[in-house]
Amino acid sequence: MNQTERYESAKELYRGLGIDTDQVIRRLKEIPVSLHCWQGDDVKGFDQDGPLTGGIQATGNYPGRARTPEELMEDMEMAMSLMPGKKKLNLHASYAVFENGEYADRDQLEPKHFAKWVEFAKKHHMGIDFNPTFFSHAKVKDGLTLTSPDKETREFWIRHGKACIRISEYFAKETGIPCVMNIWIGDGFKDVPADRLGPRLRYRESIEAILAEPYDPKLVKPCVESKVFGIGVESYTAGSAEFALSFAATHQGVLPLMDNGHYHPTEMVSDKIPALLCFFPEIALHVTRPVRWDSDHVVLFDDETREIAKEIVRNNALNRVYIALDYFDASINRISAWTVGFRSFQKALLSALLTPAELLKGLQDENRMSELMMLQEEIKLYPLGDVWNEYCRQCGVEGGQGWFEKVKAYEQDVLSKRK
């Protein structure tokens, strides 16, 4: 049986569940997933040459890391050529591109420092999401930024956040697609603090000062992202889940952003999604794969990834949830890491779209729990792979593992020559 015959057979099986696979494929092609630039260079960025700070750590030293904006863009293009589906570009402020010897500190960044990224995004018909970079900088004082008791330090980082608001609006105007601007800090303490309230009050005031910068809420979608802990800040982080959620709930137009690595191991973001959708018009996600902690492993087609996609789809929230990926593995080929993670989430979305949500909800509402369990288990063996291969074919990429041969060739021809 060839690929076309396999797809037609799968199509008939899913039709028995009330699922139109042709319609599913058309819908999946229009769901944007934001691809993070920082997988390609281990979160180094281009505005400083020091180590990572702020509770962030990239492990590994696989050859071929992108060292310049040109190399990073080249690598992203290679990875994107292997990914089906619609993409956005996700940038950190530390990826500003300076030319002709120019340099601007983070509080002086301007839209012109990201013109090359806008050019890149337009070339690939992508919108751009943005993140102020509150880490890996000399102005991080005693590990603190927006929560620092030092007013000068806070004001520097507030100016940085305001600059990022202006840059985010520039991105949205240039691409015609709203920019999700995510505020995340790693501020915290290694050991038990004497004051838990003070840093959080300063953090609240700092974010409010940033958001006082004028912007069009139709173009800029500000978010606040929480964190449970980080390396060097194991005992306390100012931007906890309770803080971030409460700030978003009490400040109009601010979205809560959940990273599924930023919670305790027994907490599931998939369960939190429908809870937040009860109260927020829009929410945002950073999808990663935590291994015992927020280790930013490459996203796989695993249980929680599937559940996250399922909750978005079955609650008709594809237009309410901004989806972005966030991981950085320096121990393996970075092109492969990008590709596996993106394709894995695409598979999760496809699996969710192929699930007969209304049928299953009906069984639950009628308390037909035995039948519900049976059907949920039987659906797991339906021929998802045959629909995936057809989706990839229509998107012009390899459905099976053949794409990895292109990664190996790129490593041999390009990455291996970087010193």
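When you go through 132, 84 one by one, which is the residue that is within 19 Å of residue 410 (Cβ to Cβ) and touching a Cys at 6+ places or on another chain (Cβ under 9 Å)?
Matching residue, one of 132, 84: 84.
Any residue at all in the stretch 26-48 that's free of Cβ contacts under 8 Å to residues at least 40 places away in the same chain and under 30 Å from residue 358 (Cβ atoms)?
Yes - at least one qualifying residue is present in the stretch 26-48.
Working carefully through the options 177, 231, find the one that is surrounded by fewer than 20 Cβ atoms within 10 Å (Cβ to Cβ), out of contact with any helix residue (DSSP H, G or I) (no Cβ under 6 Å at 6 or more places or on another chain), over 23 Å from residue 54 (Cα atoms) and not charged (D, E, K, R).
None of the other options fit; the residue is 177.
Have a look at 351, 416, 331 and point out the one that is touching a residue at least 40 places away in the same chain (Cβ under 8 Å), farther than 25 Å from residue 25 by Cα and either in the same structural domain as residue 74 (by TED's automatic domain parsing) or crowded, with 21+ Cβ neighbours inside 10 Å (or both).
Sole residue among the options that is touching a residue at least 40 places away in the same chain (Cβ under 8 Å), farther than 25 Å from residue 25 by Cα and either in the same structural domain as residue 74 (by TED's automatic domain parsing) or crowded, with 21+ Cβ neighbours inside 10 Å (or both): 331.
For residue 72, are the conditions met, namely being in contact with a Ser or Thr (Cβ under 7 Å, 6 or more places away or on another chain) and either assigned to a loop (DSSP other than H, G, I, E, B) or surrounded by 15 or more Cβ atoms within 10 Å (Cβ to Cβ) (or both)?
no
I need the full set of residues from the stretch 396-405 which are surrounded by fewer than 18 Cβ atoms within 10 Å (Cβ to Cβ), touching a helix residue (DSSP H, G or I) at 6+ places or on another chain (Cβ under 9 Å) and in a helix (DSSP H, G or I), in order please.
Scanning the stretch 396-405 gives a single hit, 404.
Do we find that residue 60 is in the same structural domain as residue 339 (by TED's automatic domain parsing), over 27 Å from residue 349 (Cα atoms) and crowded, with 16+ Cβ neighbours inside 10 Å in this structure?
Taking the combined requirement at face value, the residue does not satisfy it.
Under 6 Å between Cβ atoms, which residue pairs at least 6 apart in sequence (or on different chains) link something in the stretch 132-146 that is under 14 Å from residue 162 (Cβ atoms) with a partner that is in a loop (DSSP other than H, G, I, E, B) and of a type outside the set (D, E, K, R)?
Correct list of pairs: 134/145.
Per-residue answers, yes or no, for (1) hydrophobic (A, V, I, L, M, F, W, C); (2) more than 30 Å from residue 254 (Cβ to Cβ):
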| position | (1), (2) |
| --- | --- |
| 320 | no, no |
| 328 | yes, no |
| 367 | no, yes |
| 372 | yes, yes |
| 380 | no, yes |
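Hey, residue 46 hits all of (1) out of contact with any Gly (no Cβ under 9 Å at 6 or more places or on another chain); (2) part of a helix (DSSP H, G or I) but one; which does it fall short on?
(2)
Do you know which residues across the stretch 241-292 are of a type in the set (S, T, N, Q) and either surrounded by 20 or more Cβ atoms within 10 Å (Cβ to Cβ) or within 24 Å of residue 314 (Cβ to Cβ) (or both)?
Passing the criteria: 260, 266, 270, 288.
From the list 203, 170, which one is surrounded by 18 or more Cβ atoms within 10 Å (Cβ to Cβ), touching a Pro at 6+ places or on another chain (Cβ under 7 Å), assigned to a helix (DSSP H, G or I) and without any contact (Cβ under 8 Å) to a residue 60 or more places away in the chain?
170
Only one of 100, 90 is buried (at least 22 other Cβ atoms within 10 Å of the Cβ) and of a type in the set (S, T, N, Q); which?
90
Return yes or no: is residue 192 part of a loop (DSSP other than H, G, I, E, B) and closer than 30 Å to residue 268 by Cβ?
It is true that residue 192 is part of a loop (DSSP other than H, G, I, E, B) and closer than 30 Å to residue 268 by Cβ.
Six or more apart or on different chains, Cβ atoms under 6 Å: show the pairs whose first residue is in the stretch 358-373 and in the same structural domain as residue 18 (by TED's automatic domain parsing) and surrounded by 13 or more Cβ atoms within 10 Å (Cβ to Cβ) and whose second is modelled with pLDDT of 95 or more and charged (D, E, K, R).
363/371
Condition (residue is touching a Gly at 6+ places or on another chain (Cβ under 9 Å) and outside any helix (DSSP H, G or I)) applied to the stretch 104-124: is it met by at least one residue?
No, the stretch 104-124 contains no residue that is touching a Gly at 6+ places or on another chain (Cβ under 9 Å) and outside any helix (DSSP H, G or I).
The values are calculated or read from the model by the stated rules, or taken from the named source; none is laboratory data. As the structure is a prediction and not an experimental result, all values here were calculated from the model. Positions of Cβ are generated from backbone atoms using ideal geometry, with glycine treated the same way; all protein chains shown enter the neighbour counts.
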